[in-house]
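Report on one structure; see the data block that follows.
The values are calculated or read from the model by the stated rules, or taken from the named source; none is laboratory data. On a predicted model such as this, the values are computed, not experimentally measured, just so you know. Virtual Cβ from ideal backbone geometry, glycine too; neighbours counted across all protein chains shown. Calculation scope for accessible area: heavy atoms of the full protein, side chains included, ligands and nucleic acids excluded. Shrake-Rupley method; radii C 1.70, N 1.55, O 1.52, S 1.80 Å.
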Amino acid sequence: MKILVTGGAGYIGSHTTYELIDKGYEVVVVDNLSKGFKSNVHPAATFYEVDLRDEKSLENIFEKEKNIKAVMHFAGSIVVPESVFKPLEYFNNNVYSVEILLKTMNKFNVKTFVFSSTAAVYGEPKTNPITENDELKPINPYGDSKLSAELLIKGWAKAHKANYVIFRYFNVAGTNKNGKIGIKGEVLTHLVPVVIDAALNPEKTMNIFGDNYKTKDGSCIRDFIHVVDLAIAHIIGLEWSIKNNKSNIFNVGSSTGYSVLEVLNQAKKSLNIEIKSKIVDRRPGDPAILLASTAKIEKELNWKPQKTLDEIIKSEFNFRKNWSNK
Ligand code: UFG
């Protein structure tokens, strides 16, 4: 079965491509390499360096590849603080590209769409753990753009008798066993890569953004999910949708919360390395706690995360150690 993966040179898209190919799927990767790396693309995937908003080029890919059964859409802009300064860019890249994709799928009669959404659609949740039916109230343009894309996808599916599976990610981290694919940008913003970077570079001190939240140790609490567990959830969701001719929306997390300080301490323990840190001011827009309820995905897809925070940290270390040495 042939699957088109957008953003297959990026972090989650490349990991999902590896899992798909492992399971015998044929994969066509489309990525404009604005953030992705060609070295992340699985060697057995067919790769097109194309921007999704280039409608003609996208049509040519569908035409040439024929028989595309489903689209998994990972490409997008994902940095929350950046979205505050660049809302037009975020809507253009995260919503308009979905419109073009869905339009092209209509032309070629492709009826299954798997979409990367985010816990940011919930904004600052009133209660934790968060369920899929909780209020959708994003607090930044990134979350707004993902929620808009969700609405577009729902409308499309209804009008065109098509199906979607939307995954709302919590904090994704770690890398797969080969240790060669991952977040390769120079500027790291996410907690686990930042902690590992500080572990590998003793001259660096990592910042802890705030120790005065209403949590057990004052630092924010997040729900971490290993990227391979997430990739597997996508494939199970894809197969479920095709088999049952159904659509759905799922949180993907571990339903276990770790504070920023706990992640740091776990990294010191797992790696047996001293990591320098200092407490600094809160980062604007950070909710105190984000914790997923995973009851729905466990029940409907029979999926449960398999990997621990220790495995997340060790795999990220393994990848980043090789990457920094290059
Ligand atoms: N943090 C630090 N120091 C750092 C980096 C992060 O203390 O150097 C803290 C943050 O303040 C936050 C926690 O670690 O409390 C996690 O921050 P990340 O940047 O790793 O992730 P976020 O929780 O901000 O973002 C994640 C996803 C987004 C999604 C968001 C939902 O990466 O895509 O959850 O709010 F939108």
(message) Give the residue list of GluC sites (Glu not before Pro) in the range 120-151 that are DSSP loop and have at most 14 other beta-carbon atoms within 10 angstrom.
(response) Glu135
(message) Among the listed pairs Lys146/Lys299; Lys111/Lys146; Lys126/Lys296; Lys204/Lys269; Lys107/Lys137, which have their C-alpha atoms separated by more than 30 angstrom in this model?
(response) Lys107/Lys137
(request) Specify which residue in the list Gly285, Asn272, Ile297 is farthest towards the positive end of the charge dipole of the range 262-303, using unit charges on the beta carbon of Lys, Arg (+1) and Asp, Glu (-1), about the Cα centre. (result) Asn272
(message) Please report the carbon-and-sulfur percent of the accessible area for the chain; probe 1.4 Å, protein heavy atoms only, DNA, RNA and ligands left out.
(response) 51
(request) Determine the alpha carbon to alpha carbon distance for each of Lys2/Lys23; Lys69/Lys246; Lys276/Lys314; Lys66/Lys246 and list only those over 20 Å. (result) Lys66/Lys246
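Quick one: which of 98-109, 295-306, 116-127 comes out on top by average Cβ neighbours within 10 Å, and what's the full order, highest first?
Highest-to-lowest ranking by the protection proxy: 116-127, 98-109, 295-306.
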(message) Using only Cα atoms and rounding to the nearest 10 degrees, what angle (0 to 90) does helix 227-244 make with the longest principal axis of the chain?
(response) 30
(request) Please turn the phi angles of the range 89-106 into ³J(HN,Hα) values with the Karplus equation 6.51 cos²θ - 1.76 cosθ + 1.60 (θ = phi - 60°), one per residue in order, whole Hz, x for glycine and proline. (result) 4, 5, 5, 4, 6, 9, 10, 4, 5, 5, 4, 5, 4, 5, 4, 5, 4, 4
(message) With θ taken as phi - 60° and the coefficients 6.51, -1.76 and 1.60, list the Karplus ³J(HN,Hα) couplings across the range 311-319 in order, rounded to whole Hz; mark glycine and proline as x.
(response) 5, 4, 5, 5, 5, 5, 5, 4, 5
(message) Once each part is reduced to its C-alpha centroid, what is the distance from the range 1-24 to the range 210-230 in angstrom?
(response) 28
(message) Please list, in order along the range 17-26, the HN-Hα scalar couplings obtained from phi with the Karplus expression 6.51 cos²θ - 1.76 cosθ + 1.60 (θ = phi - 60°), rounded to whole Hz, x for Gly and Pro.
(response) 4, 4, 5, 4, 5, 4, 8, x, 6, 8
(request) Please build a GNM for the chain, connecting alpha carbons under 10 Å apart, and tell me which residue among Val114, Val95, Val79 fluctuates the most. (result) Val79
(request) Work out the charge dipole of the range 59-138 with +1 on the Cβ of Lys and Arg and -1 on the Cβ of Asp and Glu about the Cα centre, then indicate which of Ala120, Met105, Ile130 is farthest towards its positive end. (result) Met105
(request) Once you've got the GNM for the chain with C-alpha springs shorter than 10 Å, pick whichever of Pro138, Pro287, Pro202 has the biggest mean-square fluctuation. (result) Pro202
(request) Show the residues, 5+ positions off or on another chain, whose built amide H is closer than 5 Å to the amide H of Met206. (result) Lys276, Ser277, Lys278
(request) Report the Stokes-Einstein translational diffusion coefficient (µm² s⁻¹, integer) for the chain, Rh taken as the Kirkwood radius over Cα pairs, at 4 °C with viscosity 1.567 mPa s. (result) 65
(request) Show the residues, 5+ positions off or on another chain, whose built amide H is closer than 5 Å to the amide H of Val29. (result) Val5, Thr46, Phe47, Tyr48
(request) Please report the relative contact order for the chain, taking Cα pairs under 8 Å with a sequence separation of at least 6, and give it as a percent rounded to a whole number. (result) 19
(message) What does DSSP give for the chain in terms of the percent of beta bridges that are antiparallel, rounded to the nearest 5?
(response) 5
(message) Please list log₁₀ I(q)/I(0) at q = 0.15, 0.21 Å⁻¹ for the range 36-154, using the Debye equation with identical point scatterers on the alpha-carbon positions.
(response) -0.76, -1.21
(request) Treating the Cα atoms of the range 207-326 as identical point scatterers in vacuum, please give the log10 of the normalised Debye intensity I(q)/I(0) at q = 0.11, 0.15, 0.19, 0.22 Å⁻¹, two decimals. (result) -0.49, -0.82, -1.09, -1.23
(message) Can you tell me the convex hull volume per residue for the range 66-126, based on C-alpha atoms, in Å³ to the nearest whole number?
(response) 93
(request) Compare Lys268, Lys35, Lys86 in a GNM of the chain, Cα atoms joined below 10 Å, and give the one with the largest fluctuation. (result) Lys86
(request) About the Cα centre of the range 146-267, how large is the charge dipole given +1 on each Lys and Arg Cβ and -1 on each Asp and Glu Cβ? Please answer in debye to the nearest 20. (result) 700
